[in-house]
1. Going residue by residue through segment B:102-112, is there one that turns out to be within 19 Å of A:Thr4 (Cα to Cα), among the small types (Gly, Ala, Ser) and in contact (Cβ under 8 Å) with a residue 12 or more places away in the chain?
2. Condition first: surrounded by 20 or more Cβ atoms within 10 Å (Cβ to Cβ), under 13 Å from the mean Cα position of the chain (by Cα) and not aliphatic (A, V, I, L, M). Can you find one or more residues in segment B:32-42 that meet it?
3. Specify the residue that is farthest from the other protein chains (Cβ to nearest Cβ); the eligible residues are those in segment A:24-46 that are more than 12 Å from the chain's Cα centre (by Cα) and farther than 16 Å from B:Trp7 by Cα.
4. So for segment B:1-15 (the condition being within 13 Å of chain A (Cβ to nearest Cβ), of a type in the set (S, T, N, Q) and touching a Phe, Trp or Tyr at 6+ places or on another chain (Cβ under 8 Å)), does at least one residue qualify?
5. How many residues are modelled with pLDDT of 75 or more and not in a loop (DSSP other than H, G, I, E, B) if we restrict to segment B:24-40?
6. In this structure, is A:Arg37 in contact with a strand residue (DSSP E or B) (Cβ under 8 Å, 6 or more places away or on another chain) and basic (Lys, Arg)?
7. What number of residues within segment B:44-54 are at the interface with chain A (Cβ under 9 Å from one of its Cβ atoms) and open to solvent by 10 Å² or more (accessible area, probe 1.4 Å)?
8. So B:Ala57 fits all but one of (1) in contact (Cβ under 8 Å) with a residue 24 or more places away in the chain; (2) of a type outside the set (S, T, N, Q); (3) over 22 Å from A:Lys41 (Cβ atoms); (4) more than 14 Å from chain A (Cβ to nearest Cβ); what number is the exception?
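The values are calculated or read from the model by the stated rules, or taken from the named source; none is laboratory data. Predicted, not measured: the structure shown is a model, and the values here were computed from it. Every residue, glycine among them, receives a Cβ derived from its backbone with ideal geometry; neighbour counts consider all protein chains shown. Side chains are part of the model used for accessible areas, which takes the heavy atoms of the whole protein and leaves out ligands, DNA and RNA. Shrake-Rupley method; radii C 1.70, N 1.55, O 1.52, S 1.80 Å.
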Amino acid sequence: MFGTNYPMLMASACLEGMESLELGEEAKQRFLSDNARRVFKLEEAG
Amino acid sequence: MRIVDVWMQHPTRRFLEQPFFESLRRWTRQDSIPEVPLSLTIETMDRAGVEVGLVAAWWGPQGALIDNDEVASFVRQQPHRLFGVASVDLTRPMEAVRELRRCVRELGFRGLRIAPWLWGQTSSSSCEGAAPGR
């Protein structure tokens with residue numbers, strides 16, 4: 001999962017090196033979005 | 001991509017007054033501590049393409065610097081962008097459990113955050129280690 005510790009760090013800066021990790025599209029999608037939505041059940045929110 | 005940031009705090013003034021922000025204050029040359037409007041946090045997310053943020057309360061040995069009800073009020077103001085994460089007093093475990101239940105059942109929070117370093121613990125220490133006198 002992706003976490004910045006804002007306001008200590010800004011997301012824009014944290015994401016700068018993202019491509020250099022070469023995660024591939026599927027892993028990147030899970031890392032930045034899907035894992036957190038599943039674990040914290042964000043889609044079920046009203 | 002609809003990015004989720006799972007580790008954020010929307011800062012209260014009590015939070016920003018902490019010594020660990022001193023270097024940040026020096027760097028930004030601000031002597032007085034500003035109140036940070038919620039819109040600034042949302043704008044910061046927008047600029048980075050972050051759609052959803054999990055904003056945590058902050059409870060350390062000195063008390064609540066961002067309390068759970070403050071987090072709940074941030075979430076109520078931005079219900080499509082923010083979700084709450086609770087923080088509790090680890091030295092009072094029974095009350096901590098009651099507060100966690102309240103946060104999940106009444107305030108709709110999604111998790112509990114424990115930052116062991118804040119309580120002088122390592123990340124591998126047991127919860128018992130956080131109790132006074134152990």
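1. Looking through segment B:102-112, at least one residue is within 19 Å of A:Thr4 (Cα to Cα), among the small types (Gly, Ala, Ser) and in contact (Cβ under 8 Å) with a residue 12 or more places away in the chain.
2. Taking segment B:32-42 first, the residues surrounded by 20 or more Cβ atoms within 10 Å (Cβ to Cβ) are B:41.
Still in the list and also under 13 Å from the mean Cα position of the chain (by Cα): none.
Within segment B:32-42, not a single residue is surrounded by 20 or more Cβ atoms within 10 Å (Cβ to Cβ), under 13 Å from the mean Cα position of the chain (by Cα) and not aliphatic (A, V, I, L, M).
3. Taking segment A:24-46 and keeping what is more than 12 Å from the chain's Cα centre (by Cα), we get A:24-26, A:38-46.
Next, from what is left, pick out any that are farther than 16 Å from B:Trp7 by Cα: A:24-26, A:43-46.
On the way: A:Gly24: 13, A:Glu25: 10, A:Glu26: 12, A:Glu43: 10, A:Glu44: 10, A:Ala45: 7, A:Gly46: 8 Å.
Among those residues, the one meeting the criterion is A:Gly24.
4. In the first step, residues of segment B:1-15 are kept if they are within 13 Å of chain A (Cβ to nearest Cβ); the result is B:1-13, B:15.
Keeping just the survivors that are of a type in the set (S, T, N, Q) gives B:9, B:12.
Next cut, touching a Phe, Trp or Tyr at 6+ places or on another chain (Cβ under 8 Å) only: B:9.
Scanning segment B:1-15 turns up at least one residue that is within 13 Å of chain A (Cβ to nearest Cβ), of a type in the set (S, T, N, Q) and touching a Phe, Trp or Tyr at 6+ places or on another chain (Cβ under 8 Å).
5. So the answer is 3.
6. Numbers: in contact with a strand residue (DSSP E or B) (Cβ under 8 Å, 6 or more places away or on another chain): yes; basic (Lys, Arg): yes.
In short, yes.
7. Filtering segment B:44-54 down to residues at the interface with chain A (Cβ under 9 Å from one of its Cβ atoms) leaves B:44-45, B:47-54.
Among the residues that remain, those that are also open to solvent by 10 Å² or more (accessible area, probe 1.4 Å) are: B:44, B:47-49, B:51.
Matching residues across segment B:44-54 total 5.
8. (3)
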